[in-house]
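Before any comments, here is the structure.
The values are calculated or read from the model by the stated rules, or taken from the named source; none is laboratory data. The structure displayed is predicted, hence computed values, not measured ones. Note: ideal-geometry Cβ built from the backbone for every residue, glycine included; neighbour counts use all protein chains shown.
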Amino acid sequence: MAGIARDEISFNLIENNNREWAKNASFSVGVSNLNALYEEYRAIAARIGPLEVKAWGRREFHIVVPSGVCLQFYPGRARSFNSFRNACSSWKSR
(Lines give C-alpha, C1' and ligand atoms only; values in the text may rest on other atoms or scores of the structure.)
Protein backbone atom coordinates (compact mmCIF):
# COMPACT_ATOMS: atom_id res chain seq x y z
CA MET A 1 0.00 0.00 0.00
CA ALA A 2 1.18 3.52 -0.76
CA GLY A 3 -0.32 6.76 0.38
CA ILE A 4 -0.33 10.51 0.32
CA ALA A 5 -1.17 12.60 3.39
CA ARG A 6 -1.53 16.35 3.75
CA ASP A 7 -3.12 18.15 6.68
CA GLU A 8 -6.36 16.29 7.49
CA ILE A 9 -6.59 14.37 4.20
CA SER A 10 -5.05 11.03 3.32
CA PHE A 11 -5.34 9.06 0.11
CA ASN A 12 -4.21 5.44 0.00
CA LEU A 13 -3.55 3.19 -2.97
CA ILE A 14 -3.96 -0.50 -2.35
CA GLU A 15 -2.40 -3.16 -4.56
CA ASN A 16 -4.87 -4.91 -6.83
CA ASN A 17 -4.17 -7.75 -9.24
CA ASN A 18 -6.82 -6.60 -11.74
CA ARG A 19 -4.70 -4.59 -14.22
CA GLU A 20 -7.78 -3.50 -16.20
CA TRP A 21 -9.07 -1.61 -13.17
CA ALA A 22 -5.74 0.12 -12.70
CA LYS A 23 -5.44 1.02 -16.39
CA ASN A 24 -8.88 2.64 -16.26
CA ALA A 25 -8.63 4.36 -12.87
CA SER A 26 -8.12 8.10 -12.63
CA PHE A 27 -8.50 10.41 -9.66
CA SER A 28 -8.61 14.19 -9.60
CA VAL A 29 -7.37 15.75 -6.35
CA GLY A 30 -7.57 19.44 -5.39
CA VAL A 31 -4.62 20.64 -3.32
CA SER A 32 -3.71 23.88 -1.57
CA ASN A 33 -0.07 24.22 -2.70
CA LEU A 34 0.24 22.76 -6.19
CA ASN A 35 3.79 24.04 -6.84
CA ALA A 36 5.25 22.48 -3.68
CA LEU A 37 3.49 19.18 -4.30
CA TYR A 38 4.76 19.07 -7.87
CA GLU A 39 8.35 19.67 -6.75
CA GLU A 40 8.08 16.97 -4.09
CA TYR A 41 6.54 14.36 -6.38
CA ARG A 42 9.03 14.85 -9.18
CA ALA A 43 11.38 12.65 -7.13
CA ILE A 44 9.10 9.61 -6.79
CA ALA A 45 9.06 6.45 -8.93
CA ALA A 46 6.19 7.38 -11.23
CA ARG A 47 5.64 9.04 -14.59
CA ILE A 48 5.14 12.74 -13.84
CA GLY A 49 3.63 15.05 -16.44
CA PRO A 50 4.44 18.75 -16.66
CA LEU A 51 2.78 21.30 -14.39
CA GLU A 52 0.89 23.39 -16.94
CA VAL A 53 -2.39 25.03 -17.87
CA LYS A 54 -4.37 22.46 -19.86
CA ALA A 55 -6.55 23.20 -22.89
CA TRP A 56 -9.63 23.32 -20.60
CA GLY A 57 -8.05 26.17 -18.61
CA ARG A 58 -7.06 24.43 -15.38
CA ARG A 59 -3.46 24.39 -14.12
CA GLU A 60 -2.57 20.83 -13.15
CA PHE A 61 -0.18 17.91 -13.42
CA HIS A 62 -0.65 14.17 -13.71
CA ILE A 63 1.13 11.22 -12.15
CA VAL A 64 0.83 7.68 -13.47
CA VAL A 65 1.96 5.35 -10.70
CA PRO A 66 3.60 1.99 -11.51
CA SER A 67 0.25 0.14 -11.25
CA GLY A 68 -1.16 2.34 -14.03
CA VAL A 69 -3.47 4.52 -11.91
CA CYS A 70 -3.53 8.17 -12.99
CA LEU A 71 -3.61 10.87 -10.31
CA GLN A 72 -4.40 14.41 -11.44
CA PHE A 73 -3.57 17.29 -9.08
CA TYR A 74 -4.95 20.83 -9.43
CA PRO A 75 -5.31 23.89 -7.19
CA GLY A 76 -8.35 23.33 -5.06
CA ARG A 77 -9.78 24.39 -1.76
CA ALA A 78 -9.73 21.75 0.96
CA ARG A 79 -13.15 20.65 2.15
CA SER A 80 -13.92 19.44 5.63
CA PHE A 81 -14.73 15.79 6.14
CA ASN A 82 -18.31 16.71 7.07
CA SER A 83 -18.92 18.59 3.81
CA PHE A 84 -17.45 15.62 1.90
CA ARG A 85 -19.67 13.17 3.81
CA ASN A 86 -22.73 15.36 3.18
CA ALA A 87 -21.96 15.57 -0.55
CA CYS A 88 -21.59 11.79 -0.74
CA SER A 89 -24.82 11.25 1.19
CA SER A 90 -26.82 13.52 -1.10
CA TRP A 91 -25.34 11.81 -4.17
CA LYS A 92 -26.19 8.33 -2.84
CA SER A 93 -29.80 9.34 -2.14
CA ARG A 94 -30.47 10.27 -5.78
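Mind counting the residues in segment 21-42 that are under 19 Å from G76 (Cβ atoms) and outside any loop (DSSP other than H, G, I, E, B)?
Of all residues in segment 21-42, those under 19 Å from G76 (Cβ atoms) come to 26-41.
Okay, now just the ones that are also outside any loop (DSSP other than H, G, I, E, B), so 26-31, 34-41.
The number of residues fulfilling the criteria is 14.
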Fill in: Filter pass, N86 being at pLDDT below 85, loosely packed, with under 14 Cβ neighbours inside 10 Å and in contact with a helix residue (DSSP H, G or I) (Cβ under 9 Å, 6 or more places away or on another chain)
no
Worksheet item: Identify, please: which residue in segment 48-83 is of a type in the set (S, T, Y) and within 22 Å of N24 (Cβ to Cβ) and is, among those, modelled with the highest pLDDT?
Response: Y74
Item to complete: Could you pull out the residue among A45, A5 that is surrounded by fewer than 16 Cβ atoms within 10 Å (Cβ to Cβ), on the phi < 0 side of the Ramachandran plot and either assigned to a strand (DSSP E or B) or modelled with pLDDT of 85 or more (or both)?
Response: A5
